[in-house]
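A short write-up of the structure that comes next.
What follows is calculated from the coordinates using simple rules that are stated; it is not laboratory data. Note that the structure is predicted; figures quoted are calculated from it, not measured. All Cβ positions, even for glycine, are placed from backbone atoms using ideal geometry, and neighbour counts span all protein chains on display.
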Amino acid sequence: MKNYTTVTDLYNGFLLEQKFRNNSEKTLNYYMENLNNFFKWLNSDDIEDLNLDNWKLYGVYLREIVVKRNGDNLSESSVQGAMRAIKAFYNYGIEQQILPDISRKLKLPKAHYREERILDDEEIDHLISCLSSPTHTGLRNKCFIFLMLDCGLRRGEIPKINIGHLDIKSRTMIINGKGGKQRVVPMGETSAALLNDYIEKYRKGSGLNDPLFLDDYGGRCTDNLVKQVFRRIKEKTGINRLHPHLLRHTFATYYIADGGDLETLRIILGHANIQTTQRYLHMAANLKLQRSRHNSHLDIIYEERRTKLK
């Protein structure tokens, strides 16, 4: 074990470990951003200040003091995400025997998930009807929507798709997810036909390692481009709550409600553990409640009373 003497030393060792594990650039940036924010708050290079009290105080600081640009406090999930990075750093210090073993006491703040209303059939139909596809840009953007709505892809996964990742015949594709992990994702006939149409018109003759989707300058499309496309579609449809992850939620909820199993959904979505996927059981149950007619016992009693009075 290296004898780290300062917080900076421990931080540099932690980053080296993450690079050695071959974590993605996005993961490294996540750690660096959240840890640098923590160090600014800590304002100390003393190892002894990496203690349980400062862990808890920083969590309270994030929840009650820090505000976003619009003046709102951070969401519970944002606080939890930031604290998860700090926890990983603390645990590294514990593994290196620099910090005392307080790992069991490093509990993340609770994040109460808010009920999110998915898109209903009418809204999905309206969304699709607003997608124009006579041009490269229009057809490409329509593919973006279908891949999220029919396959549950994350916004950031779309730019990573290469021509060789698609198998139109078997209606499957290889997706590079978080942490560089690959998974096979199925698609429906409609999405497969749409992607095939896009390739035949605009990507025919491309190599297997060439990007599937291009920007307006012929380069690989970016996460930011997909984000901008959604902003324009949101304005066009008038669905104010529309965002990329809502389509992923919509896909997952309908998948369970229509008879899909939880473990297969976990694999399709690329979740590391089943606990993350289980939220869709609750969302699917709510959807079934909305679809079904409520059998009210009170209605039965009142109907019997009305019958007797006749």
### Query
Can you name every residue in region 226-256 that is in a helix (DSSP H, G or I), within 17 Å of the chain's Cα centre (by Cα) and among the hydrophobic types (A, V, I, L, M, F, W, C)?
V226, F230, L246, L247, F251, A252
### Query
Looking only at region 220-247, which residues are surrounded by fewer than 16 Cβ atoms within 10 Å (Cβ to Cβ) and either of a type in the set (A, V, I, L, M, F, W, C) or at positive phi (or both)?
G238
### Query
Restricting the search to region 174-201, which residues are under 29 Å from K19 (Cβ atoms) and part of a strand (DSSP E or B)?
I174, I175, N176, Q182, R183, V184, V185
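Residues of region 131-154 being surrounded by 16 or more Cβ atoms within 10 Å (Cβ to Cβ) and not in a helix (DSSP H, G or I), which ones? Steps first, please.
Step one: of region 131-154, the residues surrounded by 16 or more Cβ atoms within 10 Å (Cβ to Cβ) are 131, 133, 139-154.
Result: L131, S133, G152, L153, R154.
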